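Everything on this sheet refers to the single structure shown next.
The values are calculated or read from the model by the stated rules, or taken from the named source; none is laboratory data. All figures in this text were calculated on a predicted structure; none of them were measured in a lab. All Cβ positions, glycine included, derive from the backbone under ideal geometry; neighbour counts span all protein chains shown.
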Amino acid sequence: MPDVKRPKKGSRAFWPKKRAKRIYPAVQSWLKTGDVKPLGFAGYKAGMTHIGIVDSNPNSRYKGQVMTKSVTVIDCPPLKIIGFCGRSSYPSRVLCSVFSDKVDKNLKRKMTVGKINTDEQLKKLEQVKDKIVKVCLIVSTQPSFKKTPEIFELPIGGEVGKQIEYAKEKLGSTLPISDIFKEGDFIDVSSVSKGKGFQGTVKRFGTKLQSRKTEQCHRIVGCIGQKEPGKVRSTIPRPGQLGFQTRTEFNKKIVKIHEKVIIDGGFINFGNASENAILLEGSVPGSKKRLIRLRGAIRANKQLPVDVRYISTSSKQGV
């Protein structure tokens, strides 16, 4: 018989398939913009529901009709700006940090809080002002369901001088999501996916099950490589860690901001979202109560008007 060639079966999925270093991800790249405002936000995943939204795509066959789409509810309480830092060019390092005198007690659960002198820190900032190429806000979350917040940096857009003035003005205040995003915007979401532990090749890569004549082993890879060279290549599906991996999904449309979603019985393992919740079209990686990092879409689609007709409030306990 002739040698029949075909594409390799099974999903390559994402690489690397290894556990994340921490429970919330670090964003590596940001949208470049001239607007003087933070370039991202963060919230906690509450659950999913569905909405009725008017299809506003001019090229769609269903234009003007009400379509049912699934949405993810993310609770986004205002972020607390506890400080800011000035960073140098490559290699990026912190030249000076300025912290607010008003430090929440819960921050002591996350970081060592000593004596803070904001005036001295601002004087040091003026000395190294010429070397600063980027200013980042140091923010902490304010979750309602736990005492320990998450702390991370948010870069600011615009010129360096305006970034410093913005950071000084906002030091010690709170940052709502409406100051950064609006309805109809496309954003990128980064989070840590659900952990599924050590899994085999069928679940990890979607390889084919062996035939019934295979002795005892039906969920293994038939061949793991040739005789020479005597090694297993990295492209061979092998068992290993699955889930709890840092993943980024692009172009999620915001269909509602500051929407208090009241579900009959509440979302499983979360309850009902507050009035600071947002609705994102589609699904988002991660489990309930996990921190979701949001940023402006670096390759956004064309914005279209959003017209939401209804939001489902039916119970999700059986889902």
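Could you list, in sequence order, the residues of the stretch 54-91 that are assigned to a strand (DSSP E or B) and over 17 Å from residue 256 (Cβ atoms)?
Within the stretch 54-91, 79, 80, 81, 82, 83, 84, 85, 86, 87 qualify.
Can you tell which of 163, 121, 127, 142 is more than 27 Å from residue 19 (Cβ to Cβ), surrounded by 13 or more Cβ atoms within 10 Å (Cβ to Cβ) and at pLDDT below 90?
121 is the lone residue from the list that is more than 27 Å from residue 19 (Cβ to Cβ), surrounded by 13 or more Cβ atoms within 10 Å (Cβ to Cβ) and at pLDDT below 90.
Here's the yes/no breakdown for (1) among the hydrophobic types (A, V, I, L, M, F, W, C); (2) over 22 Å from residue 18 (Cα atoms); (3) modelled with pLDDT of 90 or more:
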residue	(1), (2), (3)
191	no, no, yes
215	no, yes, no
268	yes, yes, no
295	no, yes, yes
300	yes, yes, no
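From 177, 164, 224, which residue is in contact with a helix residue (DSSP H, G or I) (Cβ under 9 Å, 6 or more places away or on another chain) and β-branched (Val, Ile, Thr)?
From the options 177, 164, 224, the qualifying one is 164.
Give the stretch 304-319 a look and list any residue that's at pLDDT 90 or above and of a type in the set (Ser, Thr, Tyr), or say none.
Of everything in the stretch 304-319, those that are at pLDDT 90 or above and of a type in the set (Ser, Thr, Tyr) turn out to be 310, 312.
Would you pick out the residues in the stretch 23-42 that are among the acidic types (Asp, Glu) and in a strand (DSSP E or B)?
Once the filter is applied, which keeps residues that are among the acidic types (Asp, Glu) and in a strand (DSSP E or B), the stretch 23-42 yields nothing.
Pick out, from the stretch 225-319, the strands (runs of 3 or more DSSP E) lying fully within it that include 1 or more residues that are within 27 Å of residue 55 (Cα to Cα).
Once the strands (runs of 3 or more DSSP E) in the stretch 225-319 are filtered for at least 1 residues that are within 27 Å of residue 55 (Cα to Cα), what remains is 246-257, 277-281, 291-296, 308-311.
Please tell me if residue 45 is more than 14 Å from residue 281 (Cα to Cα), in a strand (DSSP E or B), basic (Lys, Arg) and in contact (Cβ under 8 Å) with a residue 24 or more places away in the chain.
Against the criterion (more than 14 Å from residue 281 (Cα to Cα), in a strand (DSSP E or B), basic (Lys, Arg) and in contact (Cβ under 8 Å) with a residue 24 or more places away in the chain), residue 45 does not qualify.
Scan the stretch 180-205 and report the pairs whose first residue is free of Cβ contacts under 8 Å to residues at least 24 places away in the same chain and whose second residue is among the basic types (Lys, Arg), with Cβ atoms within less than 9 Å and a gap of 6+ or a chain change.
Partner pairs satisfying both residue conditions: 202/208; 202/219.
Considering only residues that are assigned to a loop (DSSP other than H, G, I, E, B) and among the charged types (D, E, K, R), look in the stretch 180-194 and name the one that is farthest from residue 41 (Cα to Cα).
Restricting to residues being assigned to a loop (DSSP other than H, G, I, E, B) and among the charged types (D, E, K, R), the top hit is 194.
Residues that are without any contact (Cβ under 8 Å) to a residue 40 or more places away in the chain and either under 17 Å from residue 184 (Cα atoms) or over 18 Å from the mean Cα position of the chain (by Cα) (or both): does the stretch 280-290 have at least one?
No.
If you go through the stretch 93-105 one residue at a time, do you hit one that is of a type outside the set (Lys, Arg), in contact with a Lys or Arg (Cβ under 9 Å, 6 or more places away or on another chain), within 27 Å of residue 270 (Cβ to Cβ) and in a loop (DSSP other than H, G, I, E, B)?
Looking through the stretch 93-105, at least one residue is of a type outside the set (Lys, Arg), in contact with a Lys or Arg (Cβ under 9 Å, 6 or more places away or on another chain), within 27 Å of residue 270 (Cβ to Cβ) and in a loop (DSSP other than H, G, I, E, B).
Being surrounded by 20 or more Cβ atoms within 10 Å (Cβ to Cβ), over 14 Å from residue 155 (Cα atoms), in the same structural domain as residue 138 (by TED's automatic domain parsing) and of a type outside the set (Ser, Thr, Tyr) narrows it down to one of 103, 98, 73, so name that one.
Within the list 103, 98, 73, the selection yields 98.
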